[in-house]
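One structure below.
Each value in this text was obtained by applying a stated rule to the coordinates, not by laboratory testing. What you see is a predicted model; the values in this text were computed from it and never measured. So basically every Cβ, Gly included, is an ideal-geometry build from the backbone, and we count neighbours across all protein chains shown.
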Amino acid sequence: MGEFAQLDNFLTQEGNKKSNLPAPVSPAWYEPESKTWYGQNDLSSLSKKEKQNLVSCTMFCQYATTGRSKCRRCGEVIEKDILRLGYPFRWRQQDPCFTMFLHTECYDPAVFGIKEKELRKKIYGYEALNNTERARLWKEMRSEGQHAAASKEGADATAEYSSGSVGRCTKSVPEVPVPKDLAVPMLPFQKEGLAWMCHQEESSVRGGILADEMGMGKTIQAISLLLARPIKGPCLVICPMAAVNQWMKEIEKFTKKGTLKTLVYHGSEKGRVATQFKKCDVVITTYQTLESDYRREAHKHRVKCKYCGKLFMPEKLTFHQRYFCGPNAEKTKKQQKTAAKKAMQSMGIGPSKSSSSTDTRAGPVNRVGHAERPAVPGAELVDLCEKKGLDSSGRKPELVDRLMDFAVRGKTDEPVKKARVVARREAGRGETGRGSPNGG
């Protein structure tokens with residue numbers, strides 16, 4: 001089965017109608033220090049010392065250290081300091097295992113099949129819990145409350161969508177008279193759109209999406225909404241730069257003179273224009289202006305790292321100091337492997353990403369016509385350095401010393417030679433200057 005077929009089956013859950021969870025890696029071993037999962041085929045690449053640290057289990061339980069993880073079954077965020085479950089999963093056989101998290105209520109016995117007497121053996125971290133936490137964990141694992149609530153919400157949403165009531169009000173919307181300050185008449189469907197938008201503003205949704213096709217008069221309906229429901233303060237219109245002038249002209253064209261005062265917030269003068277917001281009814285700006293202003297305001301909240309001095313947002317600073325910077329920073333095993341691969345590729349050691357063939361009998365030809373040397377594996381490179389008398393950095397100590405001596409002598413001798421040449425030239429000029437008058 002191809003990769004795209006596997007992905008399609010995974011998304012559609014073909015052949016697994018009972019659960020929407022992908023199958024876990026089984027059997028599996030967990031390494032607590034590096035927080036890494038290993039499958040049966042991964043054990044051959046580990047040393048005896050590394051195998052001693054592995055724990056055979058099906059999943060682990062822990063309190064969530066952050067609030068960024070999501071439950072794989074219900075899709076909801078797992079709050080910080082909430083007890084959660086984690087189990088190993090991999091897309092393909094050659095891919096490394098990674099952890100998928102679950103609410104304890106979203107545990108599926110049809111997928112894992114853990115019995116109460118097997119909790120200590122199959123769930124790593126169970127022994128670290130006290131008796132109250134253990135009893136609560138087992139009770140929540142049997143409840144399926146979180147998944148049942150999510151399933152009920154999904155079923156209700158599906159029924160609502162099937163009935164055709166999504167995105168529209170089944171009740172009759174009262175008509176709204178056309179505003180007197182609108183300078184042009186409205187078509188029947190535009191009046192219906194105005195009534196729907198006014199109804200949405202008064203509902204708990206407080207808004208909506210007007211998705212009429214191009215040329216149906218969405219701008220007229222939006223302007224009529226501003227006239228029918230005036231608000232305190234300006235209304236913000238965000239549009240592409242090419243549509244700014246169009247909005248200005250259509251507001252002036254479709255309303256009576258002096259009804260709506262407009263202001264464009266864009267360009268180098270936007271700082272001065274911002275002081276006039278309270279004097280206008282509509283403020284028109286662009287997506288780029290909004291994004292740049294948001295970035296400028298967000299950067300004010302950045303915090304300096306006390307170790308490297310760089311600025312980070314508070315949530316990014318925690319991640320930075322946890323894995324990359326500071327005395328307690330420690331990269332995960334996966335991050336270490338990624339850094340090692342990049343270093344090896346930059347040094348020309350090991351296989352490169354661009355090489356699509358393993359045949360090293362004839363390397364590719366570079367610009368000057370010479371065949372490039374095939375990449376040398378790390379172990380063979382170390383043996384080759386030892387045979388050639390090179391040190392750990394790949395240099396020959398005797399040759400380096402000779403080159404350094406030559407460079408030092410060359411640098412010290414060169415200024416002396418230049419000084420001697422200059423002195424000879426000046427001496428020659430002096431003798432010529434003294435002899436010329438006498439000779440004349």
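Around LYS115, what is the net charge, scoring Lys/Arg as +1 and Asp/Glu as -1 over all other residues with Cβ under 12 Å from its Cβ?
Taking every Cβ under 12 Å from that of LYS115, the sum is +3.
Of the cross-linked pairs LYS191/LYS279; LYS253/LYS278; LYS316/LYS337, which ones have a Cα-Cα span greater than 26 Å in the structure shown?
LYS191/LYS279
Please compute the net charge surrounding LYS310, taking Lys and Arg as +1 and Asp and Glu as -1 over other residues with Cβ under 14 Å from its Cβ.
Overall, the nearby charge balance is +4.
Arranged by the count of other C-beta atoms within 10 angstrom, fewest first, what order do ARG302, ARG90 take?
Lowest count first: ARG302, ARG90.
Between beta-carbons, use under 10 Å as the cut-off and find the net charge around GLN190, counting Lys and Arg +1, Asp and Glu -1.
My count for the surroundings of GLN190 gives 0.
Could you pull the Cα extents of segment 167-230 along its three principal axes, largest to smallest, in whole Å?
31, 25, 18
With the cut-off at 31 Å, tell me which of the pairs LYS310/LYS342; LYS249/LYS300; LYS70/LYS232; LYS49/LYS70 have Cα atoms farther apart than that.
Pairs exceeding 31 Å: LYS249/LYS300; LYS70/LYS232; LYS49/LYS70.
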